[in-house]
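Below is one structure; the comments refer to it alone.
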Amino acid sequence: MTTRTPARAAICHGNTRPFAIEDVELDALRTDEVRVRILACGICHTDMAVRDAQLPVPLPIVLGHEGAGIVEDVGTAVTAVKPGDRVVMSFNSCGQCPSCRIEAPTYCYEFYPNNWSGVRPDGSPTLYRDGAPLNGNFFGQSAFATQAIAHERNVVRVPESLADTALEVLAPIGCGLMTGAGAVLNAMKVREGMPIAVWGAGTVGMAAIMAARIAGADPIIAIDVHDSRLALARELGATHVLNGRSDDVEAEIRTICPQGLGYAFDTTGVNTLIERAFTLLAPMGVLGLVGASAPEDMLAFNEASFMSNGRRVMGILGGDSDLQTFLPELMEHYREGRFPFDRLIGFFPFERINEAIHASETGEVIKPVLRMEASLQAPLA
Ligand code: CXF
Ligand code: ZN
């Protein structure tokens, strides 16, 4: 007999209609799965890209990939978490491919079937609506819901040291925040005393700036087109800020760092900015790329300066994060005040999901987080 679990979930039908919260049912758990009562879920631009059909994800679907909550049930083979554990969730991975075997799951060879196919890798649905299958398993969770099926590999237990930290604050740690921080700390391995410039001060850029401060980079230059974001970037670690609309960014960077940039980190995906950033690199400088670009985009670099300066251009996915080690590390940085990402968050009740998305798209809120339960709706102290 299969026991399904009732839940409320926000269904995305594409960009012609708003998200609609409806009754759904979760499938019975498989052996490696975990059912989580979702308390909060961050909203990321990738959710919007799916809504706008820019990614190969089937619609309609339940999105949401920055969930946090409490484990309610586990499959028979799960050992890493147990009912009652407080967890944050991130992307899923197969655990067996060459990337997963070297703890580089963001480059999982089976990323698509585990995260974007709308069903489990074996083709079975995790969600039902009115008795019929509904696409889910988005990033192995589909957490715009009151309950979600996740997997042992993509839930991370919140360390005991953070027992007093609200899960709704921790929710967004598993996507843009780990992407920016991981790019600096894991992928580019930014060195103390070296200059870095970060293009774009959204969630990923701000996380990179906070991580650059942790790494001891100096100077830390933030570039954006919104003065309010630049002001926040300064508070979070930027030593210099430049407005791409009013400043001559290249000339200013050459003045601040006459020897060039040790690290240039682009979160914008804008070709002209990336190509100019390349020209600003010092010998052995690293250009890290995480921005979403158009599928047809190509980049051009001068080959001689690429080679003779030993420059490196690095595509980075998910900050090269190994969830089970890196997320606890980031949570500890947060607890100790070195990674104050709560400054980016704006909270919304689950029912206001469409307003939360709007606030993100207008730039009014850097990181909207939905709160799923009425008892949590009171403003945070
Ligand atoms: C992802 C991409 C794959 C690794 C984790 C982060 N981005 C989501 O928005
Ligand atoms: Zn995301």
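A short reminder: the numbers here are calculations on the coordinates, not readings from a lab. None of these values were measured; they are calculated from a predicted model. Because the Cβ atoms are built from the backbone with ideal geometry, glycine has one as well, and the counts that use them run over all protein chains shown.
Would you report the distance distribution of C-alpha pairs in the stretch 203-260 as whole percents per 10 angstrom bin, up to the bin with the largest distance? P(r) for the stretch 203-260, in whole percents per bin: 25, 54, 21. Restricted to Cα atoms, the stretch 215-338 shows a radius of gyration and a Dmax of 15.7, 46 angstrom.
Using only the C-alpha atoms, the convex hull of the chain corresponds to 138 Å³ per residue. Ordered by the count of other Cβ atoms within 10 Å of each Cβ, fewest first, E336, E355 give E336, E355. In the calculated pair distance distribution of the stretch 2-130, what percentage of Cα-Cα distances lie above 27 Å? The share of Cα pairs beyond 27 Å in the stretch 2-130 comes to 18 percent. Looking at the chain, the DSSP beta bridges with both ends there are about 55 percent antiparallel.
Among complete DSSP H helices in the chain, those whose alpha-carbon atoms stretch at least 15 Å along the helix's long axis and whose mean Kyte-Doolittle hydropathy reaches 1.0 are 203-215.
Using the alpha-carbon positions of the stretch 32-98, Rg (one decimal) and Dmax (whole number) come out as 14.1, 38 Å. Along its three principal directions, the equivalent ellipsoid of the stretch 46-196 from the Cα gyration tensor extends over semi-axes of 26, 20, 16 Å, largest first. Projected label points at Y112 and V225, each 7 Å from Cα along the beta carbon direction, are separated by 3.3 nanometres. On the beta carbon distance between E336 and E235, with R0 = 25 Å, the FRET formula returns roughly 0.90. Considering only A143, A215, A132, the Gaussian network model of the chain with Cα springs below 10 Å gives its largest mean-square fluctuation to A132.
Of the peptides 123-131, 264-272, the ranking by mean beta-carbon count within 10 Å, highest at the top, reads 264-272, 123-131. Under a Gaussian network description of the chain, with springs only between Cα atoms under 10 Å, the residue in T146, T165, T179 that fluctuates furthest is T165. Would you mind telling me which residue in G118, G84, G262 has the biggest mean-square fluctuation in a Gaussian network model of the chain, where springs connect alpha carbons within a distance under 10 angstrom? Result for the chain, Cα springs under 10 Å: G84 fluctuates most. Reported value for the stretch 238-309: 99 Å³ per residue, from the convex hull of its C-alpha atoms. Using R0 = 22 Å, the C-beta based FRET efficiency linking A292 and T16 works out to 0.50. Residue exposure proxy: D322, D47, ordered by other Cβ atoms within 10 angstrom of their Cβ from fewest to most, comes out as D322, D47.
Applying 1/(1 + (r/R0)^6) with R0 = 35 Å to the Cβ-Cβ distance of D130 and I102, what FRET efficiency is obtained, to the nearest 0.05? Calculated transfer efficiency: 0.20. Model label sites at R191 and I70, defined 7 Å from Cα along the beta-carbon direction, differ in position by 4.9 nm.
Modelled spin labels at T79 and H45, positioned 7 Å past Cα toward Cβ, are 4.1 nm from each other. Using only alpha-carbon positions in the stretch 132-228, the gyration tensor eigenvalues give semi-axes of 31, 17, 13 Å once each is multiplied by 5 and square-rooted (largest first).
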